[in-house]
Protein chains: 2
Amino acid sequence: MKTIHTAAELKQCITDQKKADRTIGFVPTMGYLHEGHLSLIRRAKAENDYVIVSIFVNPLQFGPNEDFDRYPRDIERDQMLAAESGTDLLFHPSVEMMYPKQPTVTLKVSERADVLCGGSRKGHFDGVATVVAKLFMLTQPDRAYFGLKDAQQVSVIEAMVSDLNLPVNIVPCDTVREKDGLAKSSRNVFLTKEERTEAAGIYAALKEAGEMLLSGMNVNEAQKRFGRSLAQRVSGEVDYAEILSYPELLPPNDNSARLIAAAAVKYSKARLIDNILIDRSSDGKEKRNNDV
Amino acid sequence: MKTIHTAAELKQCITDQKKADRTIGFVPTMGYLHEGHLSLIRRAKAENDYVIVSIFVNPLQFGPNEDFDRYPRDIERDQMLAAESGTDLLFHPSVEMMYPKQPTVTLKVSERADVLCGGSRKGHFDGVATVVAKLFMLTQPDRAYFGLKDAQQVSVIEAMVSDLNLPVNIVPCDTVREKDGLAKSSRNVFLTKEERTEAAGIYAALKEAGEMLLSGMNVNEAQKRFGRSLAQRVSGEVDYAEILSYPELLPPNDNSARLIAAAAVKYSKARLIDNILIDRSSDGKEKRNNDV
């Protein structure tokens, strides 16, 4: 595995791959890799000839009072883990490389961006869309892999690809969890022991909401119970606990076939997010029956 | 020359060219082609293996009270002219093809966009940037050709390519003019005979401003005289007559080496724009001396 830092080096590598008619799989990350990222890398490796992983903590998607400066970083550990998981090229640009000056042409997300994480993180998804578009232009992948832990991000990226005709296939991948159900996250290292233990309650509340919805419970009632249940399970501050249609992220009604139940909880040094997707269509039912 | 209407057909053509390692030159237009467009096409043909021309009147860049509906269109004449000038592929999509629904992820231009044409056309350059980005994604050109009659557009597109790392080279091309100096424009057909005659005064006023600036006149003084001179030469309403730094489009000072003098004049049925670029650097001086 090669680690590079500049657009020029990247361009050379990509040109070589394209000339050899090799497909490129791309996994954009902010580093501090965990099992969730590694599962994306392994899937990219299985489905493409060449795998590029980027590690870039993007200042554009952090608000002024957010954790950009103290977002965890460990490039040496990341290099080892990325290499072991099948990465061919690690792209690790500096902020100056990605933004030589304040960009004046950026992406603007006008739907799906003001709910859930966008409610308390104004401009967050504009920053995400802008950096992902830039990384797509730089890496020119055939397929790009995103974890569904950030389902709202997946929804925004899919809208971006469709609205701007970006020539890349988005592959959403299931959330990887700890044994007790907590979604893997780079921010989990900031939890105290007690917080870490009870944080499993986030997924428990999500699963419960999913079961209520699949059993045919009215969406409003499920929403109420989900909010109550989450608040009882965690001591952290519940930023949101919501059920919306997916991928539109609009207020759902009882006919909405695809739903997302999503939550964000603020602990002393970390804000955790998690979600589950619920498919109430006949297709979804069939799938679940086949799973049994 | 082949005319196609869908992204799927386009993709096939592009894949073939890329496989054959042929370079693609791209000329985006709104149609009703004139000598200015044809000079772009001929240059694209000279510098690339394969030339794609798009004809698309983009609703996103027209304001609610602008001339989207009555923008002149003549696809059969355009096909003939495009073919004669060396076009290999004419891409003529419908509005529904380009915008199957209202896009929710678009481009936002936060500098260079509120002056000159952006002053009276709010959101115009967001619409331009969005459609040009989409067309670049669809046509994947090595080089794209833009006329400097729309110098502000060139400046915005160059900022977009730089800020978003788009893998395309922008080639700005000199404005093509009628014998009396009027810049070629699809909207010139809307001028009355009298308007057409006096419209040559726009370029005369621009040239005069350029000469004043090159002779060392103070920018503020040149600005005043330019405004007065244009107003005297034309009966149409002067929308703007400004001297700015180029490509930043900021208020210039006497040290600004590269300047643009730009004007927009509203006639009864057409709003005309024109500009000249002025290079007061030592490089610019040398160039001019060599021209003589």
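The values are calculated or read from the model by the stated rules, or taken from the named source; none is laboratory data. Given the structure is predicted, the values throughout are model-derived calculations rather than measurements. Cβ atoms come from the backbone with ideal geometry, glycine included; neighbour counts cover every protein chain shown. Accessible surface areas use protein heavy atoms only, side chains included; no ligands, DNA or RNA. Shrake-Rupley method; radii C 1.70, N 1.55, O 1.52, S 1.80 Å.
Tabulated results
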{"quantity": "B:Tyr240 long-range amide H proximity, modeled H, under 5 Å", "calculated": "B:Ala264"}
{"quantity": "Longest segment of chain B lacking trypsin sites (Lys or Arg not before Pro) that sit in a DSSP loop with at most 15 other Cβ atoms within 10 Å", "calculated": "B:180-268"}
{"quantity": "In Hz, Karplus ³J(HN,Hα) per residue of segment A:75-88 (6.51, -1.76, 1.60; θ = phi - 60°; x = Gly, Pro)", "calculated": "5, 5, 4, 4, 4, 5, 5, 5, 4, 4, 8, x, 5, 8"}
{"quantity": "Charge dipole (chain B, unit charges on Cβ, about Cα centre) - positive-most of B:Val105, B:Leu166, B:Ser155", "calculated": "B:Val105"}
{"quantity": "Dipole of chain B, positive direction: furthest Cα of B:Ala205, B:Pro93, B:Val27, with charges on the beta-carbon", "calculated": "B:Pro93"}
{"quantity": "FRET efficiency for A:Glu84 and A:Asp283, using Cβ-Cβ distance with R0 set to 41 Å, rounded to 0.05", "calculated": "0.65"}
{"quantity": "P(r) weight above 16 Å for segment A:186-291, C-alpha pairs, percent", "calculated": "56 percent"}
{"quantity": "Overall form of segment A:81-137 per C-alpha gyration tensor (a/c, 1.5; a/b vs b/c)", "calculated": "oblate"}
{"quantity": "Accessible surface, per residue, of segment A:211-277 when the full set of protein chains is kept, probe 1.4 Å, Å²", "calculated": "48 Å²"}
{"quantity": "Whole-number accessible area per residue in Å² for segment A:129-184, which is evaluated in the context of all protein chains at 1.4 Å", "calculated": "30 Å²"}
{"quantity": "Dimensionless Rg ratio for the protein assembly as shown, taking C-alpha atoms and the 2.2 N^0.38 Å reference", "calculated": "1.11"}
{"quantity": "Kirkwood Rh and Cα Rg combined as Rg over Rh, evaluated for chain B", "calculated": "0.96"}
{"quantity": "Solvent-accessible area, 1.4 Å probe, carbon plus sulfur percent, for the protein assembly as shown", "calculated": "48 percent"}
{"quantity": "Within a Gaussian network of chain A (alpha carbon springs, distance under 10 Å), most fluctuating of A:Cys117, A:Cys173, A:Cys13", "calculated": "A:Cys13"}
{"quantity": "Amide H partners (placed H, <5 Å) of A:Tyr246, local residues excluded", "calculated": "A:Arg258, A:Leu259, A:Ile260"}
{"quantity": "Whichever lysines have a C-alpha closer than 24 Å to that of B:Lys269, once near sequence neighbours (fewer than 8 apart) are set aside", "calculated": "B:Lys122, B:Lys149, B:Lys179, B:Lys184, B:Lys193"}
{"quantity": "Cubic angstrom per residue, convex hull over Cα atoms of segment A:2-173", "calculated": "113 Å³"}
{"quantity": "Mean accessible surface per residue for segment A:13-56, computed with a 1.4 Å probe while every protein chain stays in place, in Å²", "calculated": "37 Å²"}
{"quantity": "Accessible surface buried upon B-A contact (total; probe 1.4 Å; Å², nearest 100)", "calculated": "2400 Å²"}
{"quantity": "Residues in segment B:137-168 occluded by at least 20 Å² - accessible area, probe radius 1.4 Å, against chain by itself", "calculated": "B:Met137, B:Leu138, B:Gln140, B:Asp163, B:Leu164, B:Asn165, B:Pro167"}
{"quantity": "Listed residues B:Ile75, B:Ile273, B:Ile260, most fluctuating in chain B (Gaussian network, C-alpha, under 10 Å)", "calculated": "B:Ile75"}
{"quantity": "Ellipticity estimate at 222 nm from DSSP helix runs (n ≥ 4, -39,500 (n - 2.57)) divided over the protein assembly as shown, nearest 500", "calculated": "-12500 deg cm²/dmol"}
